[in-house]
Amino acid sequence: MPPIVLTSLNARYHHCALSLRCIQANLGELRPKSLIQEFVIKQSTEDVAEALLAHDPQILLISVYIWNVEATLKLLHELRKRSPELKLVVGGPEVSYPPLYPGITEAVDYVVTGEGEIAARELCEQLLSGNPPKAKFIKGPQEDVETTVLPYDLYTDDDIKNRIVYLETSRGCPYRCEYCLSSLDREVRFFPLDELLAAFQILMDRGVRLFKLLDRTFNTKIDRAVRILEFFLDNLQSGLVIHCEVVPDRIPDELKACFQRFPAGCLQFEVGVQSFNQEVLDRIRRAQKADKVEKNLAWLCNESKAVIHADLIFGLPGETLESMQDSFNRLVIHEPDQIQLNLLKLLKGTPIVQHTEPFGMVYAPKAPFEIQETSTIDRDTMQMLREFSRVWTLFHNAEKLKTSLPYVWRDQPDAFAAYLEFTNYIKANTEKLYGIDFLEQVRLLDDWLQQHSAHPARARQAIIADYSNWGKRILPKFLRVS
């Protein structure tokens, strides 16, 4: 039985915890004495505890994030109850910055803050040699990524076949956006590119087709980004997808020319727009110019063949309903493939807390600490935005109604107002704003468009096309009515 087990509760089965693999890869001589075990947050606490304890570990390393902190706390209490002698160690963003969770810190033996590769190895060496450190809180030093052991050989064949393979080519971010943990980084550190591309080649030879890069800003260094993309161009294969986050106002002609060489759908870009309100962007130290972002976004949506996922954040300090409405309208007109509408979340340690009092910012008391109201947006309006976001995610971002859904706001003077009416209709005609099956979505959308669209006949034909595109051969009765 391995004395060290590394674990995390992932949001979904197809996710992989890259952090666990980074730590295991850098355990040195202890690596063969360690084991990774992953679970999902919906699994029974008792079942997860039993599965972990079946390995009879001496040390359990647990990675804690905003999405799993509540489930992890329950797991820790269950483990402590069942195995009092087990050394429990937690790390990750949710335990690296104050305010810490008293329940978690009381339930564990050690808390590793910051980056964990070096600190985790040294802690395990001390514990297994019988020389445990006296301090409960251990600050992990910033990694020298030039010498860090890459973890990608730790992806199993089952991971490659059934799960998303996450990678990173850099750590840190050159920007200081106050809502983001990367604002705490002092510099961007780049992994050795030759070694990295060699690892990518091995993964590709093993069958990986989706490369999901976790870099905060893939296009920080243009020449490096181009070289990575050229590697994939030289190794184009059917089904290859490269997913990464790009800064929307840093896309020079050299990078655009590289983007245009990829076939349709091969590139997937997360584009962090967040807001078109320049005053708000400046307030949170997001170094981007709204007009330049809009120009580059239009190019990405119309001139590249990339799949574009654009982000907006509702509830930033000083943002009003009117300014958020304007941002949505300026974004939706470009018709990116997805628009992620996220309410602001308070991440531990981020400097956005300085705006809490001046802007009356109230967050939910439990993870994910979502904004509930501000001095410029009352609680009822914020709840309306939350419902708007849920209906948008359900109907738009699943991409099953790509042809027909735009008829909700097409030919309307205000896309946001039109979709808000649709949201209210969904709310009034369903018991919940999530989990609505596809057929019911189609029925609700058709009913709305027949009453409100300027072109109901064309709207219905679009719905029929969307319905058929998802393999539905027999039309429901309501779509056969002329």
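The values are calculated or read from the model by the stated rules, or taken from the named source; none is laboratory data. A quick note: this is a predicted structure, and the numbers were derived from the prediction, not measured. Here the Cβ positions follow ideal geometry from the backbone for every residue, glycine too, while neighbour counts run over all protein chains shown.
Entry remark, segment 274-293: residues being touching a helix residue (DSSP H, G or I) at 6+ places or on another chain (Cβ under 6 Å) and at pLDDT 95 or above number 4 in total.
Rundown of residues vs (1) closer than 16 Å to Thr423 by Cα; (2) under 22 Å from the mean Cα position of the chain (by Cα); (3) at pLDDT 95 or above; (4) of a type in the set (Phe, Trp, Tyr), yes/no style:
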position: Lys366; (1), (2), (3), (4): no, yes, no, no
position: Phe388; (1), (2), (3), (4): yes, yes, yes, yes
position: His396; (1), (2), (3), (4): yes, yes, yes, no
position: Pro406; (1), (2), (3), (4): yes, no, yes, no
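Scanning segment 97-144 for residues that are of a type in the set (S, T, N, Q) and more than 24 Å from Lys366 (Cα to Cα) yields a count of 4. One residue alone among Phe259, Phe328, Phe314, Phe276 is of a type in the set (Phe, Trp, Tyr), over 23 Å from Leu210 (Cβ atoms), touching a residue at least 24 places away in the same chain (Cβ under 8 Å) and in contact with a Ser or Thr (Cβ under 6 Å, 6 or more places away or on another chain), and that residue is Phe276.
When Ser83, Ser8 are checked against the criterion of being assigned by TED's automatic domain parsing to the domain that holds Gln126 and surrounded by fewer than 22 Cβ atoms within 10 Å (Cβ to Cβ), a single residue qualifies: Ser83. Screening Ala120, Ala71, Ala54 for residues that are surrounded by 16 or more Cβ atoms within 10 Å (Cβ to Cβ) and farther than 28 Å from Val145 by Cβ leaves exactly one candidate, Ala71. Working only within segment 439-455, note down all residues that are exposed (fewer than 14 other Cβ atoms within 10 Å of the Cβ) and either touching an Asp or Glu at 6+ places or on another chain (Cβ under 6 Å) or not aliphatic (A, V, I, L, M) (or both). If the condition is that a residue be exposed (fewer than 14 other Cβ atoms within 10 Å of the Cβ) and either touching an Asp or Glu at 6+ places or on another chain (Cβ under 6 Å) or not aliphatic (A, V, I, L, M) (or both), then Glu440, Asp447, Gln451, Ala454, His455 are the ones that fit. Counting only helices (runs of 4 or more DSSP H) that fall entirely inside segment 248-336 and contain at least 2 residues that are closer than 24 Å to Gln383 by Cβ and not charged (D, E, K, R), the qualifying elements are 321-332. A Cβ distance below 9 Å, combined with a sequence gap of six or more or placement on separate chains, defines the contacts here; from segment 422-440, residues that are within 15 Å of Gln451 (Cα to Cα) reach residues that are β-branched (Val, Ile, Thr) in the pairs Phe422/Val391; Phe422/Val408; Thr423/Val391; Ile426/Val391; Ile426/Ile436.
Given the criteria in contact (Cβ under 8 Å) with a residue 40 or more places away in the chain and either of a type in the set (S, T, N, Q) or out of contact with any helix residue (DSSP H, G or I) (no Cβ under 7 Å at 6 or more places or on another chain) (or both), does Ile352 qualify? Yes.
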